[in-house]
Structures are given as structure tokens and as C-alpha cells.
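Participant: Dropping a structure here in C-alpha cells format, bear with me for questions.
The values are calculated or read from the model by the stated rules, or taken from the named source; none is laboratory data. Small disclaimer: the values here were computed from a predicted structure and weren't measured. So basically every Cβ, Gly included, is an ideal-geometry build from the backbone, and we count neighbours across all protein chains shown. Protein only, heavy atoms only, side chains kept; ligands, DNA and RNA dropped before computing areas. Shrake-Rupley method; radii C 1.70, N 1.55, O 1.52, S 1.80 Å.
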Amino acid sequence: GNAIAVTTKFTDSTKAYVVARDVPAKGRIVGLGPYRTIPAGMNELVRDAVVWTVKPPELVGGCTDLSPDIGVQSQCGLTLANISLSGRNEAFTVNSIGLNLTGTGDDDDVAGICLVWDRDLSNNVTDGDTVLDSGVLSGGKVRFKGPWTIPVGKEKRFLLAMDLTDDACPGNTLGLNISAIDLHLNSSVEVLRFENLSTAPLTVYQRSDAM
């Protein structure tokens, strides 16, 4: 028999229709649609009408604060947060992630910040993880640039890890605010955005050998 392949982007509707037309001496070969409803004035073309449910794409995500209470001068790989994302019915792409420094500290306290793909979902930076991007603060801000794909039906977890400088000021507090996560459906250029997700600030302690 003949087959009809129809692509639809009706992400705001729960149903879509396709009409198959019989062509004399050719069989059923013409696909008309998809339509939100069976089109008026085309009844003479209708031989079969097929209806199916269109599952709208959905992004499932969240941010977990993993920040420790303290950080010691020169300490590296302090995991402050995870960002967990997964796509339902369609893949997504993360374009960028923007961060702001919070607390009483400043750029001079932070040697760098890394965005890490937590491959083993351990919530810790391990040898099997992948550093996707890194940067230094400028005016208390840093932005990581993708693209990174969020697959269908599988969680992708990112970690935010901070390194402290040798002379980070004891008593200062350091946290992160995720100012924006820009992403889009792989079938669309529309940009979605999550904003204002924050971690609790840690307190900088002096190294014991520096006392």
C-alpha cells in the first residue's frame, strides 16, 4: 500500500489531521495537510481522514544548590550547583548560560568558574566528567557559550564549579546567580529563558599554612 509522511509543528494544538486522496489509476498517493481541522470545501477529496495526537515538546529542568558552607583559599573545583535538563518529545539546544557573582566577595576572590557535564550524575566533578566551558569573572559576570544538546528522554546535568584564588579574602562570601539560560527547540529558532536561580553563598576561610 501507499504511505504518507507528514511533518507538523503544531506545538500549540493537541490534534492534527491529514487527508489522503485517491487519484484515478494511481492509487492513494496524495497527502493533504496537516490541518488543525478537516478543511471546509474539500469533502470531495476526502477518502480517508486520519487523526492522531500531537505531543507538544516539553523541557523538564531544575537547579539544585550544592554550595558548601566554606571554601579555603586556593581550593579548586568547589561544586556550587547543578542544572538538570531533559527534553520530552523533542530535543533542545542550550545556547548559553549566564552567571552573576553574589555575596560580599568580588572578582579577585575567584580564580575561575567552570561549566562541567556531569556524565555520571554524581553532583561532583570527577575524572569522567567533561569541562564544557570555563571563564573568569569580569564585573562579577561570566557567560558560557554553547551549543549543547539536551536529548529526548535523557537527563543532561551541568555542574557549576568555582576555583578560589590564593589570596581570596577570608570572611568574604561567594555565591552564584544564574541570570539566564537561553535555549531553543531543535525545530525552532524561538529562544526560551530561565532566570534568577541562585546558590547560597559560601564563606572564604584562610589556608592553615597561611596563618
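Participant: Against the conditions (1) open to solvent by 70 Å² or more (accessible area, probe 1.4 Å); (2) under 24 Å from T64 (Cβ atoms); (3) at pLDDT 95 or above; (4) over 22 Å from the mean Cα position of the chain (by Cα), where does D127 fall short? Just the number, please.
Facilitator: Every condition holds for D127 apart from (3).
Participant: All but one of (1) open to solvent by less than 80 Å² (accessible area, probe 1.4 Å); (2) at pLDDT below 80 hold for F92, so report the exception by its number.
Facilitator: Going through the list (1) open to solvent by less than 80 Å² (accessible area, probe 1.4 Å); (2) at pLDDT below 80, F92 breaks only (2).
Participant: Also: Run T11 past the list (1) at pLDDT 65 or above; (2) open to solvent by less than 80 Å² (accessible area, probe 1.4 Å); (3) of a type in the set (S, T, Y) and report the number of the one that doesn't hold.
Facilitator: Answer for T11: the failing condition is (1).
Participant: Pairs only if they're at least six apart or on different chains, beta carbon under 6 angstrom, first in region 136-158 and open to solvent by less than 40 Å² (accessible area, probe 1.4 Å), second outside any strand (DSSP E or B) and not aromatic (F, W, Y); list them, first residue then second.
Facilitator: L137/D107; R157/D118; R157/L121
Participant: Against the conditions (1) surrounded by fewer than 16 Cβ atoms within 10 Å (Cβ to Cβ); (2) at pLDDT 95 or above, where does E190 fall short? Just the number, please.
Facilitator: Going through the list (1) surrounded by fewer than 16 Cβ atoms within 10 Å (Cβ to Cβ); (2) at pLDDT 95 or above, E190 breaks only (2).
Participant: Could we say that D163 is at pLDDT 95 or above, out of contact with any Ser or Thr (no Cβ under 6 Å at 6 or more places or on another chain) and farther than 14 Å from L85 by Cα here? Don't jump to the end; show me each part of the working.
Facilitator: Details: at pLDDT 95 or above: yes; out of contact with any Ser or Thr (no Cβ under 6 Å at 6 or more places or on another chain): yes; farther than 14 Å from L85 by Cα: yes.
So D163 fits the description; yes.
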